[in-house]
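> Below: one structure in structure tokens.
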């Protein structure tokens with residue numbers, strides 16, 4: 001594959017825009033990126049913002065490209081696969097559609113196996129995403145490296161040996177941002193209940209979570225050790241943590257992750 005590969009994205013939504021933002025001039029030139037979408041307004045915005053080539057027809061999506069990114073909604077995937085199947089020759093196909101397994105993608109592409117399935121999460125929109133990835137046997141080492149570089153444009157990547165592990169990734173990092181937002185909401189509400197106003201509560205909740213996460217990222221210590229360092233026996237944090245433990249906080253989080261993981265499995269089985 002050439003140094004400045006030609007990339008086509010089918011789908012011009014928010015995640016596609018985030019990928020383009022990370023790829024332009026870091027992975028390839030804007031002139032080498034084509035976006036296909038049925039929404040002319042979305043295409044116009046992407047063209048004006050990034051200088052990429054845009055097209056309303058899926059028919060022209062595959063021609064001349066090295067990497068094809070499927071960024072459409074799951075319910076739109078089947079007709080897209082049907083339209084491009086006969087055109088595929090050597091292209092690396094990366095799917096970021098939730099719930100559609102590589103076996104289904106391959107079947108829709110007439111047995112094509114040069115496919116990587118990627119599961120980015122919402123923070124990818126600001127370049128802080130966490131993406132779980134799985135490659136089919138038809139993906140070469142060089143293509144896997146290219147796939148990693150593409151998804152690293154919006155954050156960190158984690159390669160998995162078994163595709164079924166992507167259900168767990170969905171339960172943790174895919175659904176996890178919503179769990180964190182819910183915790184922030186609860187912390188903000190609790191702050192107001194102990195006497196702070198709305199603006200003060202929001203600032204304290206957001207900066208506390210952001211700062212703690214950043215500290216955990218930058219520290220070489222285990223998160224449990226960081227927690228222990230904040231917790232003086234008999235102190236305020238000790239009292240709060242005891243309350244969380246008595247209410248089964250860890251068990252609640254575990255059940256939430258398992259529920260999300262199981263739902264991911266169910267959705268994958270239904271495809």
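The values are calculated or read from the model by the stated rules, or taken from the named source; none is laboratory data. Because the structure is a prediction, the values reported are computed rather than measured. Virtual Cβ from ideal backbone geometry, glycine too; neighbours counted across all protein chains shown.
> With the condition kept exactly as written, say whether any residue in the range 35-45 is closer than 21 Å to residue 145 by Cβ and in a loop (DSSP other than H, G, I, E, B).
To start, the set of residues in the range 35-45 that are closer than 21 Å to residue 145 by Cβ comprises none.
No: the range 35-45 contains no residue that is closer than 21 Å to residue 145 by Cβ and in a loop (DSSP other than H, G, I, E, B).
Condition check ((1) without any contact (Cβ under 8 Å) to a residue 12 or more places away in the chain; (2) under 17 Å from residue 8 (Cα atoms); (3) out of contact with any helix residue (DSSP H, G or I) (no Cβ under 6 Å at 6 or more places or on another chain); (4) outside any helix (DSSP H, G or I)) across all residues:
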residue: 85; (1), (2), (3), (4): no, yes, yes, no
residue: 103; (1), (2), (3), (4): yes, no, yes, no
residue: 133; (1), (2), (3), (4): no, no, yes, yes
residue: 143; (1), (2), (3), (4): no, yes, yes, no
residue: 158; (1), (2), (3), (4): no, no, yes, yes
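> Sticking with this one: Among (1) modelled with pLDDT of 95 or more; (2) loosely packed, with under 14 Cβ neighbours inside 10 Å, there is one condition residue 47 misses while meeting the rest; what is its number?
Of the numbered conditions (1) modelled with pLDDT of 95 or more; (2) loosely packed, with under 14 Cβ neighbours inside 10 Å, the odd one out for residue 47 is (2).
> Can you tell me which residues in the range 160-195 are in contact with a helix residue (DSSP H, G or I) (Cβ under 7 Å, 6 or more places away or on another chain) and free of Cβ contacts under 8 Å to residues at least 24 places away in the same chain?
187, 188, 191, 192
Residues are listed down the side, and each one gets a yes or a no for (1) on the phi > 0 side of the Ramachandran plot; (2) buried (at least 18 other Cβ atoms within 10 Å of the Cβ):
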position	(1), (2)
73	no, no
93	no, yes
99	yes, yes
107	no, no
115	no, yes
122	no, yes
129	no, yes
133	no, yes
139	no, yes
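> Quick check on residue 17: is it in the same structural domain as residue 152 (by TED's automatic domain parsing) and either in contact with a strand residue (DSSP E or B) (Cβ under 7 Å, 6 or more places away or on another chain) or over 17 Å from residue 118 (Cα atoms) (or both)? Spell out how you get there, then give the answer.
Values: in the same structural domain as residue 152 (by TED's automatic domain parsing): yes; either in contact with a strand residue (DSSP E or B) (Cβ under 7 Å, 6 or more places away or on another chain) or over 17 Å from residue 118 (Cα atoms) (or both): no.
In short, no.
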